[in-house]
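Everything below concerns the one structure shown next.
The values are calculated or read from the model by the stated rules, or taken from the named source; none is laboratory data. Predicted model only: the values in this text are computed from it and were never measured. Cβ placement follows ideal geometry from the backbone for every residue including glycine, while neighbour counts extend to all protein chains displayed.
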Amino acid sequence: AVHVPAEDWGDGGIVNWLRDEMNSHPECIPSFLELLRVLPEEVFNYKIAARPDRRRQFVKELASAMEVALNILTACLNINELKEQVLEAFASWLWLRHRIPPSTLASHPLVLTALSSLNSDMLSEASVNVISELIHYTAARNLGGVSAQMPLIQVIVPQVMSLMAQLRDSSKDEEDVKAIARLFADMGDSYVELIANGSNESMLIVHALLEVASHPEYDIASMTFNFWHNLQINLIERNSYLSFGNEVSIEAERNRRLLVFRSSYESLVSLVSFRVQYPPDYADLSTEDLKDFKQTRYDVADVLIDAALVLGGEATLKILYVKLVEAVPSCGNDEHSEWHPAEAALYCIRAISDYVSVTEAEVMPQIMSLLPKLPRQPQLLQTVCLIIGAYSKWLDAASNGLSFLPSVIDILVSGMSMSEDSAAAAALALRHICDDWGKRLCGSLDGLFHIYQRAVIGEGTFKVSAEDSLHLVEALSIIITELPSDHAKKALEALCLPAVTPLQDIINQGPLVLGQATARELTVHIDRLANIFRYVNHPEAVADAIQRIWPIFKAIFDLRAWDMRTMESLCRACKNAVRTSKRFMGITVGAMLEEIQGLYKQHHQPCFLYLSSEVIKIFGSDPSCANYLKVLIESLFSLTTCLLTKIQDFTSRPDIADDCFLLASRCIRYCPQLFFPSVVFPSLVDCSMIGITVQHREASNSILTFLSDIFDLANSSQGGHYLSIRDSVIIPRSASITRILVASLTGALPSSRLETVTYALMALTRAYGVKALEWAKEIVSLIPSTAVTEVERSRFLQALSDAASGVDINALMVPVEELSEVCRRNRTVQEIVQGALRPLELNMVTVS
């Protein structure tokens, strides 16, 4: 129906036609009712390929026929067997959010029928759908919001509230209870601003929502979670109180509301905290059920954060501490130990850690004293370790924090020995402690080294995985950063040793062994070195370390350049060393770049490009490095452009394209004096034009960003010096670039890339003004009128004209989005448009 103009249905459009047909063919009324129901759904069904203009017109046609539609539905109420169908159709028409006087709706037969049928076995589902839509209708901003809809709200709310007893009725079908709970949740979500006032009437709704939150079925209880979050925002954020004028009044009203809702959020904490408890059959859960359980814990944690924001972290902590104290007596060390409630309480306490003050001195000391007394059960120990990590800032700030350190370290060592999960939690916790305690742990470095060596060498009972051992690497690196320079060099050498020694051993066994080793045998050690170079913030010490280790790295580069995984790990280590050491790298960085420049010619590893990118960032503006860097970028770019000569090359190696154009953008920013005069600049622009439409998201974005950076050159501090070079390259290619960008907007790239493509096109327009508008006008004229109307063309070109005048791009997105939508509305149209624009042909059109 959305495709058929109103006049084609005869006098009055499709709704009048339906009314007349119903009168003429009463035996077909059920079929006509179904058609009436789906009409509003067509407005929101974007699988139906309608033009935006036609869709807007269809909405107007339906809105003008609203009264006729409701009259038809009202007349059909007299036929009992059609009531359910009538109510479903009414719910559908409410989607349109057409302005009907609230007093009219409040007394409308359709509304009254829906309200009176809430307790009907036959009609309850349809009635719930109507009331749900009415609730959303009353909250619609375009209809004046809640305040304008009070006559209707005052009819709906009492009827919904009367259903409260059914929430507790165990004889009710679960689906019926869900439907009722949905109405309460809808009321909460829709009227949250009204409820936030804290009136006696609104508190009745809050109590009802607490009742829903207490339901034993999690799917029902969780329907309220969104309400508690939105209510928290309304209570906390200053924007909710702007109407109260001055700061004193705002603060007074805010405090009043927080006091009103305090008991509700206190109840909420108690109602949701038990839901994170491990089920007795946890070990037997399927993968899907395990995923659901973890999601439940995350969702409950979010609710607890909302509560902490309203109540304050300390008040929330006290409630949860009571739960913990109640649970601890059941925690024995025998097989009948009931550890689940204690673990649940600790999980909840961890969830609110960011909202508990580091100066809290009443509850946290008791919790920290309690932790060593808990049984070392795997899941419980994992959560205890996570608690320690979460409250590491509190431990650092507490006056008696140091006294807890021995027992805390003992717990973490136990965690590393218990299971892989508890070991992961313990390693992360130790990293947090080192991060927060920093210099205070310098005296404990020997003990920390002992833990580190046991974990990375694999001695004893530790179960720390290679990935989780990186947390320990980071922990030690942070402490070493706090040491004086001379001590730091020695400590850094000791930290590197457990990673360097195995690599040296493999190399010492000869080229054959090094060549045949698995990537994992090498990367597990290289990744540790990468993290050391990243987190030890002693530039000179790291530069010395990389210089000593360089012969090992060079041997791996020379014999494993074919191995992408190892090369990525090695380049990451080198990148981190360059980033930390900067100009202290000296000779080593030259040797490193010479190595990758030579290897790239043979092995084409994209990680060689991103390592070069880091070097450009650090050394790009250094005149003493200019000659060397010029040779480097010309070598890398000339080779890459030879690898990417057609779209299929981009599709098969998007990683190379991605890193190539990221490097090019970095050259524009850090060494434009080397990049723009270079012989590779024109060939890189040509290469980018070939690859714009690659379907790989990162590669496409890197190419579009590179082009945008070129177009925005005048905005950069040094860009003005190179505008003439840029123009000499871009203007001869302008028509093709414009055509490919327009093709990308209209279907050559997925609609999810629309924003990035639009920015590139707008940047081109801003850079070249009237010329760019002429290019765009000629390109858009290539699209056949069967696909795009003159009005749609004009709106799009006007948006480009506005962009050239400096209008904010965000304000111009609607015409661009509409052109994109029109050209993608079905496969046939999309093929017509792409056939006209031919984005894969670089030189199809010449525009002067």
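Odds and ends about this structure:
- Unmet criterion (only one of (1) of a type in the set (Asp, Glu); (2) modelled with pLDDT under 95; (3) surrounded by 14 or more Cβ atoms within 10 Å (Cβ to Cβ)) for residue 343: (2)
- For residue 688, the criteria (1) under 26 Å from the mean Cα position of the chain (by Cα); (2) among the hydroxyl-bearing types (Ser, Thr, Tyr); (3) not in a loop (DSSP other than H, G, I, E, B) hold in every case but one, which is (1).
- Selection of segment 599-625 for residues being under 33 Å from the mean Cα position of the chain (by Cα) and hydroxyl-bearing (Ser, Thr, Tyr) yields 610, 612, 613.
- Looking only at residues of segment 197-213 that are of a type in the set (Gly, Ala, Ser) and modelled with pLDDT under 95, we find that the one that is farthest from residue 254 (Cα to Cα) is 202.
- Subset of segment 270-300 that is surrounded by 13 or more Cβ atoms within 10 Å (Cβ to Cβ) and among the small types (Gly, Ala, Ser) - its residue that is nearest to residue 338 (Cα to Cα): 273
- Filtered residues of segment 71-91 (kept if surrounded by fewer than 20 Cβ atoms within 10 Å (Cβ to Cβ) and either farther than 17 Å from residue 117 by Cβ or of a type in the set (Ser, Thr, Tyr) (or both)): 71, 74, 75
- Checking residue 801 against (1) surrounded by fewer than 20 Cβ atoms within 10 Å (Cβ to Cβ); (2) over 22 Å from residue 708 (Cβ atoms), the condition it does not meet: (2)
- Filtered residue count, segment 140-176, keeping only those that are within 20 Å of residue 200 (Cα to Cα) and either among the aliphatic types (A, V, I, L, M) or part of a helix (DSSP H, G or I) (or both): 17
- If you go through segment 484-512 and keep only what is surrounded by 12 or more Cβ atoms within 10 Å (Cβ to Cβ) and either at positive phi or in contact with a Leu (Cβ under 8 Å, 6 or more places away or on another chain) (or both), you end up with 491, 495, 496, 499, 500, 503, 506, 507.
- So residue 556, is it in a helix (DSSP H, G or I), within 19 Å of residue 485 (Cβ to Cβ) and either within 37 Å of the chain's Cα centre (by Cα) or modelled with pLDDT of 95 or more (or both): no
- Taking the numbered list (1) within 36 Å of the chain's Cα centre (by Cα); (2) farther than 23 Å from residue 625 by Cβ; (3) assigned to a helix (DSSP H, G or I) in turn, residue 596 passes all entries but (2).
- Restricted to segment 210-261, and to residues there that are of a type in the set (Val, Ile, Thr) and more than 19 Å from residue 199 (Cα to Cα), the residue that is surrounded by the fewest Cβ atoms within 10 Å (Cβ to Cβ) is 248.
- Among the helices (runs of 4 or more DSSP H) confined to segment 694-753, there are none with at least 2 residues that are within 24 Å of residue 650 (Cα to Cα) and in contact with a His (Cβ under 8 Å, 6 or more places away or on another chain).
- Only one entry of 566, 580, 588 meets the criterion of being buried (at least 21 other Cβ atoms within 10 Å of the Cβ), assigned to a helix (DSSP H, G or I), hydroxyl-bearing (Ser, Thr, Tyr) and modelled with pLDDT under 95, and that entry is 588.
- Selection of segment 541-573 for residues being farther than 23 Å from residue 452 by Cβ, touching a helix residue (DSSP H, G or I) at 6+ places or on another chain (Cβ under 7 Å) and not aliphatic (A, V, I, L, M) yields 547, 550, 554, 557, 560, 562, 563, 565, 566, 568, 571.
- There is at least one residue in segment 218-234 that is within 25 Å of the chain's Cα centre (by Cα), closer than 19 Å to residue 262 by Cα, modelled with pLDDT of 95 or more and of a type in the set (A, V, I, L, M).
- The condition (being more than 28 Å from the chain's Cα centre (by Cα), crowded, with 17+ Cβ neighbours inside 10 Å and at pLDDT 95 or above) is satisfied by just one residue among 352, 319: 319.
- Of residues in segment 714-728 being touching a Pro at 6+ places or on another chain (Cβ under 8 Å) and crowded, with 18+ Cβ neighbours inside 10 Å, the one nearest to residue 684 (Cα to Cα): 722
- Test: residue in segment 193-202 that is assigned to a helix (DSSP H, G or I) and under 23 Å from residue 270 (Cβ atoms): yes
- Flag if residue 264 is among the hydroxyl-bearing types (Ser, Thr, Tyr) and either farther than 22 Å from residue 300 by Cα or surrounded by fewer than 17 Cβ atoms within 10 Å (Cβ to Cβ) (or both): no
To keep it simple, each residue is scored yes or no on (1) farther than 13 Å from residue 690 by Cβ; (2) touching a residue at least 12 places away in the same chain (Cβ under 8 Å); (3) part of a loop (DSSP other than H, G, I, E, B); (4) of a type in the set (Val, Ile, Thr).
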| residue | (1), (2), (3), (4) |
| --- | --- |
| 621 | yes, yes, yes, no |
| 627 | yes, no, no, no |
| 632 | yes, yes, no, no |
| 637 | yes, yes, no, no |
| 659 | yes, yes, no, no |
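- Within segment 815-848, the set of residues being at pLDDT 90 or above, of a type in the set (Gly, Ala, Ser) and either in contact with a strand residue (DSSP E or B) (Cβ under 6 Å, 6 or more places away or on another chain) or surrounded by fewer than 17 Cβ atoms within 10 Å (Cβ to Cβ) (or both) comprises just one member, 835.
- Residue within segment 752-762 that is under 24 Å from residue 675 (Cβ atoms), free of Cβ contacts under 8 Å to residues at least 60 places away in the same chain and touching an Asp or Glu at 6+ places or on another chain (Cβ under 7 Å) present: no
- Within segment 759-806, the set of residues being closer than 15 Å to residue 743 by Cβ and aromatic (Phe, Trp, Tyr) comprises 775, 796.
- Positions within segment 6-46 being at pLDDT 80 or above, of a type in the set (S, T, N, Q) and more than 15 Å from residue 68 (Cα to Cα), in sequence order: 24, 31
- Residue within segment 438-448 that is of a type in the set (D, E, K, R), surrounded by 20 or more Cβ atoms within 10 Å (Cβ to Cβ), assigned to a helix (DSSP H, G or I) and in contact (Cβ under 8 Å) with a residue 40 or more places away in the chain present: no
- Failed condition for residue 702, given (1) surrounded by fewer than 23 Cβ atoms within 10 Å (Cβ to Cβ); (2) at pLDDT 95 or above: (1)
- Where a residue in segment 583-596 is over 16 Å from residue 571 (Cβ atoms) and its partner, wherever it lies, is charged (D, E, K, R), with Cβ under 6 Å and at least six apart: 584/540
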